[in-house]
Amino acid sequence: MRLYEELAQTDPGRYQPERAAALANLASDLSALGQADTALPFAQEAAAIYQEAARQNPGRFRPFLAASLENLARSLTLLDRTAEAEAARAQAAALRGTVTALADKQPAIERRTR
């Protein structure tokens, strides 16, 4: 994680998505080990990074944002934070619907994402 943090500081636009992926993976692994309380801040940070990336490049990062929100929802569910988990799941579902709608309009994108 330290390497991604250092790289992201030198060139945020280039390395923040990789950092978000590492954070999301760490959060997922920690949740699978029953450490949702430790996983939560990593899942939240990954979602925040992907949120910013999706603002700048929606076509590329919306699927990653949706996945990170689902990951966040899992951690929240394990912590009995049901309302927050449902909100994250709903946002992820809305994003997935947007991605699917875009793919239907652009068949080349659909083939690559399915």
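Checked against (1) surrounded by 15 or more Cβ atoms within 10 Å (Cβ to Cβ); (2) at pLDDT below 90, Arg111 passes all but a single condition, namely (1). Within segment 25-37, residues that are touching a residue at least 12 places away in the same chain (Cβ under 8 Å) and farther than 20 Å from Leu65 by Cβ sit with their Cβ atoms under 6 Å from residues that are in a loop (DSSP other than H, G, I, E, B) and of a type outside the set (Ser, Thr, Tyr), at 6+ positions apart or across chains, in these pairs: Ala36/Leu79. Would you check which residues across segment 53-83 are of a type in the set (Asp, Glu) and surrounded by 15 or more Cβ atoms within 10 Å (Cβ to Cβ) and list them? Within segment 53-83, Glu70 is the sole residue that qualifies. Do we find a residue being modelled with pLDDT under 95 and outside any helix (DSSP H, G or I) anywhere in segment 40-58? Scanning segment 40-58 turns up at least one residue that is modelled with pLDDT under 95 and outside any helix (DSSP H, G or I).
Output yes when any residue across segment 94-102 is of a type in the set (D, E, K, R), at pLDDT 95 or above and either surrounded by 15 or more Cβ atoms within 10 Å (Cβ to Cβ) or in contact with a helix residue (DSSP H, G or I) (Cβ under 8 Å, 6 or more places away or on another chain) (or both), and no when none is. Scanning segment 94-102, I find no residue that is of a type in the set (D, E, K, R), at pLDDT 95 or above and either surrounded by 15 or more Cβ atoms within 10 Å (Cβ to Cβ) or in contact with a helix residue (DSSP H, G or I) (Cβ under 8 Å, 6 or more places away or on another chain) (or both), so the answer is no.
The values are calculated or read from the model by the stated rules, or taken from the named source; none is laboratory data. Remember, predicted model here, so these are calculated numbers, not experimental data. Reconstructed Cβ throughout: ideal geometry from the backbone, glycine too, with neighbour counts over all protein chains shown.
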